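Heads up: the structure comes next, in structure tokens.
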Amino acid sequence: MASWSRPRSLVLAAAAVYAFLHAPVLILVAFSFNESRFTVWTGLSWKWYRELARNPRILDALWNSLVVAMLSTALATVFGTLAACAMRRGAGRAARALDTALNLSIVTPEIVTGISLLAFFQVLFRFADLGLGLHTIVIAHVAFSIAFVVIVVRARLEALDPALEEAAMDLGASEWGAFWRVTLPLLKPGIVAAALLSFILSFDDYVITSLVAGVGSETLPLVIYSMARRGVSPVVNALSAVIVVALGALIVVADRLEKRSAG
Amino acid sequence: MSRAGDNRAIPQLPEWLLLGPAWAWMAAFFLAPLALVVAYSFLSKGDYGGVAAPLTLDNYARLLDPLYLRILGRTLLLAVLTTLLCLALGYPLAYYMALYGGRRRSLLLLLVVLPFWTSFLVRTYGWIFLLRDTGLINTILTRLGLIQVPLPLLYNQGAVLAGLVHGFLPLMVLPLYASLERLDRSLLEAAADLGAAPAARLLRVTLPLTAPGIYAGSVLVFVSALGAYLTPELLGGGKSVLLGNLVQNQFTTARDWPFGSAISLLVLAVVGAALAVERRRREA
Amino acid sequence: MRRRRLLASAVLTLAGCRRRLAGGEVNVYCWSDYVAADTIASFERETRVRVNYETFESQEEMLAKVIAGGSAWDVVFPGNTLVGPLVRRGLLDPLDHSRLPNLVNLEERFRDPPWDRGNRYTVTYMWGSSGVVYSRKALGKPITAWADLWDPALQGKLTLLDDPSEVLAACLKKLGYSLNSEKEPELAAARAEAVRQKPLVRAYINAEVKPQLIAGDVWAAQLWNGDAYQAIAENADLKYCLPAEGFALYADSAAILSRARNKDNAYRWINYLLRADVNAAVARATLFATPNARARELLDPALRANPDLYPPPERLAKAEWFAEISAQGQRVRDRIWTEIKAG
């Protein structure tokens with residue numbers, strides 16, 4: 001392309017927007033290392049992290065979040081991948097209808113999906129002797145994750161070169177063989193990326209979880225919300241920092257996988 | 001030669017096995033609950049929550065009440081403002097990334113995506129930390145001697161707007177970037193050769209050609225802002241009622257599930273309308 | 001060395017997250033900041049029953065979850081106005097007084113309260129008033145009446161409770177009406193007052209306002225007595241006021257949900273809370289008023305005689321207990337609340 005020099009104003013504008021995007025979180029993380037509990041910098045300290053590690057409520061919530069995220073990711077990834085394969089294959093009516101339902105689930109505001117599930121469970125629990133709990137959270141999370149898994153896996157499927165599988169089959173592999181030995185490995189980065197996405201969505205969800213959680217099933221976002229409402233505490237800063245770093249790492253991994261597979 | 005869509009390598013598993021699990025789950029845990037909400041919207045309020053038998057259109061009639069129309073209007077306004085601000089902030093950024101990013105383009109993109117996937121709650125909390133009376137901004141301004149009394153930055157519509165724009169900006173940037181990346185630079189060069197100034201190039205060439213990205217991003221942000229609930233609650237100080245808060249309120253404090261259901265469907269209807277407009281435009 | 005211990009304790013805690021104590025468990029759902037530091041731990045030590053303690057910030061939140069059904073709490077703490085609705089929906093179990101020997105500790109008037117005659121379903125845990133906590137230093141003059149909260153000098157420094165009954169109570173009392181009024185003209189007038197006041201209001205917020213009061217972000221807040229005194233303990237510039245026009249009284253009671261699975265342990269928990277020493281510790285820590293006569297005797301004389309926390313009869317004459325509102329009245333009030341919030 002023509003070697004236009006970058007207009008200074010554009011660079012500044014872009015930098016400003018980047019700053020806007022990242023400042024709140026970076027500042028949060030920075031102040032999690034602040035000695036004082038107030039917004040006045042008095043020195044570097046790990047003490048809020050130590051307090052974090054000692055807090056039983058947070059540790060319990062972390063455990064719950066991990067369990068829920070892993071279970072819902074496992075289910076959503078399997079269901080979503082299978083569905084993506086079917087949708088790719090020359091969409092029948094059922095596949096198209098599912099596609100519509102999944103798109104609907106993406107655009108429906110969380111508050112609406114949340115209260116609909118709450119109402120649904122209320123009716124359900126009149127007949128079954130169950131209650132709200134981790135299981136209801138998992139159910140809800142799978143429901144909203146499947147759509148994203150399908151999107152990611154389908155994108156990967158579209159990008160696959162059918163010639164590779166054809167070649168495998170021409171060389172004598174059975175259909176199943178070609179699938180296992182060629183398609184699936186090629187699909188793997190997409191599946192893993194989808195799984196990571198689903199994990200992050202689940203780990204991070206507040207609105208829907210707050211509505212369908214029950215006794216003893218407090219997840220990390222619920223704790224953060226509760227603590228954030230009660231005021232600013234550096235422990236929340238520390239918790240935020242941990243989450244940001246952990247989820248950030250996952251995103252980078254997912255991104256690398258996409259890059260590697262696309263290349 | 002086979003077409004791209006004809007992939008015989010995916011074994012002829014029965015469709016029900018492939019689609020079944022996902023279908024069953026969505027039917028049971030997404031469609032059925034929604035159907036329940038639709039049903040509830042035609043029922044009457046039970047004492048202290050729940051629903052009661054008499055079928056009625058009352059809940060929909062209530063939506064026409066000026067009070068609720070005002071809330072709808074305010075929500076739409078806020079969603080539009082959020083979209084416009086996201087566009088104003090996102091376009092330069094996407095432009096820079098697509099046209100001048102060079103080899104670092106994917107890194108720059110990652111830097112946009114990163115905050116988006118990083119806990120919405122954490123980001124909102126970051127705003128609280130910044131905007132409180134004893135938060136960072138006020139502390140710095142006071143230290144610099146620029147203000148005597150802390151500025152009331154939190155608990156108002158401005159804070160909510162900032163939170164929403166911050167939250168949904170990546171949703172705008174990504175489609176814009178995709179659109180800008182596909183831009184044929186030679187068209188811009190041709191325009192330059194024909195003597196067009198940079199501003200004219202932007203207005204007459206770039207913007208129209210990236211219109212699909214603009215629309216896609218705008219719809220995404222608009223739809224997300226419509227259903228916003230957490231940001232107005234945490235940053236608004238409980239003083240404003242948007243559609244999302246109204247729904248939550250009806251299901252908890254007011255214990256009027258049927259009315260809450262009607263409002264939910266209203267929100268869905270507006271979302272659906274916005275999407276339909278976008279699709280119509282895309283197919284046109 | 002320290003780091004290894006930290007890691008070990010983290011791992012152990014994680015592993016022990018699902019520990020079960022010998023005596024089983026009990027699930028309790030209560031207001032935040034409503035127990036003393038040692039209350040739960042000491043119960044667990046004595047009875048070997050694990051307490052799963054969860055808190056809420058608003059009654060409505062609690063009611064919504066309980067009514068939505070299927071929430072496996074054993075003991076909940078409804079306010080006096082919610083007892084009726086919960087009983088009518090069959091959500092509460094009548095209490096077996098033989099399993100609550102410490103019930104005799106309660107003051108006479110709380111053994112047969114108007115909202116639950118004969119303590120059939122509930123046991124009063126703590127009671128209190130809704131007043132105003134303000135910064136004497138920032139305002140320069142005391143606040144003595146609800147009317148003072150309409151002073152333009154409070155612009156942006158005033159908070160009210162995020163609760164329709166509380167906000168309407170303040171407005172109704174200011175106008176001289178009963179705070180339980182369901183009369184449309186009175187409620188309409190109250191709404192007008194609230195709307196007039198809204199520009200001054202910084203936020204509608206509950207106990208979460210305490211840090212802001214302590215930090216000086218907020219100069220006047222409508223708040224419950226216990227929370228107000230907790231803030232005062234951290235900032236001596238703050239004072240509590242029971243407004244002259246009259247104020248609201250509420251009582252939080254312990255009740256056992258009919259769907260509870262750990263009813264035995266639920267009784268133990270409630271009986272434990274009725275113990276004089278336990279209740280006194282809670283009263284001392286949270287600064288809410290105890291309905292427990294024996295516990296009150298154990299309190300420090302200064303605390304016992306505090307006219308804000310334990311108002312003398314002349315003051316109580318102006319007070320009104322929150323009462324249950326009829327379904328029709330509730331509808332009117334809900335709409336008014338939306339109007340106030342959306343205005």
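Bear in mind that the values in this text are calculations on the coordinates, not laboratory data. It should be emphasised that the depicted structure is a prediction, and the values quoted were computed from it without experimental measurement. Reconstructed Cβ throughout: ideal geometry from the backbone, glycine too, with neighbour counts over all protein chains shown.
Structure notes:
- Under Karplus coefficients 6.51, -1.76 and 1.60, residue-wise ³J(HN,Hα) of the stretch C:76-86 in Hz, glycine/proline x: 10, 10, x, x, 4, 6, 8, 4, x, x, 5
- For C:Arg88 and A:Ala128, the FRET efficiency from 1/(1 + (r/R0)^6), where r spans their Cβ atoms and R0 equals 22 Å, is about 0.35.
- Chain A: calculated mean residue ellipticity at 222 nm from DSSP helix runs of at least 4, using -39500 (n - 2.57): -26000 deg cm²/dmol
- Residue by residue along C:58-67, Cβ atoms of other protein chains within 10 Å of the local Cβ number 5 on average.
- In plain terms, if you count all Cα to Cα distances in the stretch B:125-247 and split them into 10 Å steps from zero, the share in each step is 12, 27, 22, 20, 15, 3 percent.
- Other-chain or far-sequence residues with amide H under 5 Å of C:Trp321's (modelled H): C:Leu249
- Distance between the 7 Å Cα→Cβ label points at B:Glu189 and C:Arg48: 8.4 nm.
- Members of C:Lys174/C:Lys210; C:Lys173/C:Lys318; C:Lys137/C:Lys239; C:Lys137/C:Lys341; C:Lys137/C:Lys157; C:Lys173/C:Lys198 lying beyond 21 Å, as alpha-carbon distances in this model show: C:Lys174/C:Lys210; C:Lys137/C:Lys341
- Sites A:Ala97 and A:His135 - FRET efficiency at Förster radius 22 Å, r taken between beta-carbons, to 0.05: 0.20
- The stretch between C:Lys137 and C:Arg120, if pulled fully straight at 0.36 nm per residue, gains 1.5 nm over its current Cα-Cα span.
- Gaussian network model of chain B, Cα within-10 Å springs - most flexible of B:Ile147, B:Ile263, B:Ile128: B:Ile147
- The stretch C:145-199-the stretch B:83-125 distance, computed between alpha-carbon centres (Å): 45
- Figure legend: label point modelled 7 angstrom from the Cα of C:Arg196 along Cα→Cβ; residues of the stretch C:154-187 with amide N under 17 Å from it are C:154-155, C:167-178, C:185-187.
- The value of relative contact order for the stretch A:40-160, using C-alpha pairs under 8 Å at least six residues apart, is 45 percent.
- Antiparallel bridge percentage (DSSP; both residues within chain C; nearest 5): 60
- Per-residue Cβ neighbour counts within 10 Å put A:Ser226, C:Ser258 in the sequence C:Ser258, A:Ser226, beginning with the fewest.
- Long-range HN-HN contacts of B:Lys45 with modeled amide H, under 5 Å: B:Ala52
- Only helices enter this figure: runs of n ≥ 4 DSSP H residues, each worth -39500 (n - 2.57), summed and divided by the residues of chain B, yield -21000 deg cm²/dmol at 222 nm to the nearest 500.
- Projected label distance in nm at A:Ile106 and A:Trp41, using a 7 Å step from Cα toward the beta-carbon: 4.2
- Rel. contact order, % - alpha carbon contacts under 8 angstrom, at least six apart, chain B: 27
- Chain C, relative contact order in percent, only Cα pairs under 8 angstrom and at least six apart counted: 26
- Ranked list, fewest to most other Cβ atoms within 10 Å of each Cβ, for C:Ile205, A:Ile27: A:Ile27, C:Ile205
- Against chain A, whose longest principal axis is taken from its Cα atoms, helix A:184-204 shows a tilt of about 30°.
- Part-to-part distance (alpha-carbon centres) for the stretch B:136-154 and the stretch A:118-155, which is given in Å: 45
- GluC sites (Glu not before Pro) within the stretch C:156-240: DSSP coil, no more than 16 neighbouring Cβ in 10 Å: C:Glu182
- Net lengthening on full extension, C:Glu339/C:Lys183 (0.36 nm per residue, minus Cα-Cα): 54.4 nm
- Couplings 3J(HN,Hα) of the stretch A:48-54, computed from phi: 5, 5, 5, 5, 4, 5, 8 Hz, in residue order, whole Hz [Karplus 6.51 cos²θ - 1.76 cosθ + 1.60, θ = phi - 60°; x for Gly and Pro].
- Of all DSSP beta bridges confined to the protein assembly as shown, the antiparallel ones make up roughly 60%.
- Residue exposure proxy: C:Asp237, C:Asp217, C:Asp74, A:Asp255, ordered by other Cβ atoms within 10 angstrom of their Cβ from fewest to most, comes out as C:Asp237, A:Asp255, C:Asp217, C:Asp74.
- Computed from label points 7 Å out along Cα-Cβ, the spacing between C:Ala319 and C:Ala233 is 2.0 nm.
- Building the convex hull from the alpha-carbon atoms of the stretch C:212-326 and averaging its projection over directions returns 10.0 nm².
- Taking every DSSP helix (H) stretch of at least 4 residues in chain C, weighting each as -39,500 (n - 2.57) and dividing the sum by the residue count yields a mean residue ellipticity at 222 nm of -11500 deg cm²/dmol.
- Binned Cα-Cα distances of the protein assembly as shown, short to long, each 20 Å bin given as a whole percent: 13, 44, 33, 9, 1
- Degrees, to the nearest 10: A:234-262 long Cα axis against longest axis of chain A: 20
- Shown in residue order for the stretch A:152-162 are the 3J(HN,Hα) couplings computed by the Karplus curve 6.51 cos²θ - 1.76 cosθ + 1.60 at θ = phi - 60°: 5, 5, 4, 4, 5, 4, 4, 7, 5, 8, x Hz (x for Gly and Pro).
- Note on the stretch B:65-283: Cα Rg divided by 2.2 N^0.38 Å, N the number of residues, gives 1.20.
- Between the stretch C:310-343 and the stretch A:70-103, the alpha-carbon center distance in angstrom: 51
- On Cα atoms only, tilt of C:225-234 relative to the major axis of chain C in degrees: 90
- FRET efficiency, 1/(1 + (r/R0)^6) with R0 45 Å, evaluated for B:Ala269 and B:Leu146 via beta carbons: 0.45
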